[in-house]
Amino acid sequence: MNKKKPIVHIGFPKTATTWMQKYLFIPNQGFHVIPRNYLISVLDKRDILNKNYYKKNIINQINKTIQNCPDHLIPVATWEGFAMNMYDLNVENYYKRTAHQIAMHFPGAKILLAIREQNAMLSSLYNQALDSFLITTDFKSYLQCKSPFLQSLRALEYHGIIAYYQQLFRPENVLVWPHEKFCSSPVTVLQKIKDFTGAKMDINGMDTQKKILTKEGKHYAYHFSRNLAPVLKFLDLFIAPVQQKKGISAFKMTQIAEFTRSQIARIVPSSLEASHREWRIKVMKNMICAYYAQSNALTADLIKTDLHPYGYVMPPEKAVKELP
């Protein structure tokens, strides 16, 4: 029976979570991953209402997975959905409820959490939404939370979630690092994770250059192609019957959209791409401004890391307040 404390990696999204799930949280690096379907059940509201279902199914299944974990491996639950839900307006309620659910399912767990500079995070999440055809609003409306994909800017106020997890699991059991540090010095962060988890990681044998950084895409092509989504939905009303009759793949429309976007990306001049990137930065500077400054100051104090060198906006020193 494995008596080691489980590790819970809660995100945030867009902080190399996919890279860690693919290259770090694997048996060769000393980890045993708990199945994702169990983790999704952790946040299922039915679990709160039906305690019998809770105890007999989910908790028992997770405990069994941890107990059957080989002695040389450490059980790990990794899912960025634990950190935030962009569709949830009540940010504080979401992460508090999630933290208590994690404490119930993984008692005595150690928590891993990565954060990212908010402007870069918002831009990356917007690109992801465009790439998945989940959003049709323009960038300004998105930042004004007029899109279902972003309900509240408070979702990226990191100090609240960090303080709550430290309170619930104790500060020494919560490891937080800025994503920018992981990108600039991955070995340093991986060594901290190794020391924190006690896993038998082979850091020297890891290829830390494989897709740690979010790939640079054609942002203008993404921005322009958001207009394809409503057009495709309109066309789908007429094409769907033909698809069924001729047996055309259900993903045909998505393939057409992706092809169209790739062609847009090919013809977009680099100067236009650069201008669009500068426009986004200007928009965020004007709209977001110092919104996250106070939160970043509190976050830096909680994790004992100077975030200013990594581009996080900070308030004047006199404006920094102590946590209550």
Residues within segment 14-41 that are surrounded by fewer than 20 Cβ atoms within 10 Å (Cβ to Cβ), modelled with pLDDT of 90 or more and closer than 15 Å to residue 82 by Cβ, tallied
2
Candidate set: segment 80-125, residues that are of a type in the set (D, E, K, R) and touching a helix residue (DSSP H, G or I) at 6+ places or on another chain (Cβ under 7 Å); chosen: the one farthest from residue 166 (Cα to Cα):
88
Whichever residue in segment 92-134 is part of a loop (DSSP other than H, G, I, E, B) and aromatic (Phe, Trp, Tyr) and, among such residues, is modelled with the highest pLDDT:
106
Looking only at segment 276-303, which residues are among the charged types (D, E, K, R) and either touching a Ser or Thr at 6+ places or on another chain (Cβ under 8 Å) or closer than 22 Å to residue 138 by Cα (or both)?
277, 278, 280, 282, 285
Count of residues meeting criterion [out of contact with any Ser or Thr (no Cβ under 9 Å at 6 or more places or on another chain), outside any helix (DSSP H, G or I) and of a type in the set (A, V, I, L, M, F, W, C)] in segment 2-42
2
Sort out which residues of segment 288-314 are under 14 Å from residue 115 (Cα atoms), aromatic (Phe, Trp, Tyr) and not in a helix (DSSP H, G or I), and write them in order of number.
292, 312
So is residue 73 buried (at least 17 other Cβ atoms within 10 Å of the Cβ) and touching a strand residue (DSSP E or B) at 6+ places or on another chain (Cβ under 7 Å) or not?
yes
Across (1) modelled with pLDDT under 85; (2) crowded, with 18+ Cβ neighbours inside 10 Å; (3) not basic (Lys, Arg), residue 79 clears everything bar (1)
Being in contact with a His (Cβ under 6 Å, 6 or more places away or on another chain), modelled with pLDDT under 85 and farther than 30 Å from residue 103 by Cβ is true for just one of 223, 219. Which residue is that?
219
Which residues, taken from segment 167-188, are modelled with pLDDT under 95 and either β-branched (Val, Ile, Thr) or closer than 12 Å to residue 112 by Cβ (or both)?
182, 187, 188
Might you check whether a residue that is in contact with an Asp or Glu (Cβ under 6 Å, 6 or more places away or on another chain) and surrounded by fewer than 22 Cβ atoms within 10 Å (Cβ to Cβ) occurs anywhere in segment 85-96?
yes
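The values are calculated or read from the model by the stated rules, or taken from the named source; none is laboratory data. All of these numbers come straight from a predicted model, not from anything done at the bench. Backbone-built Cβ (ideal geometry, glycine too); neighbour counts: all protein chains shown.
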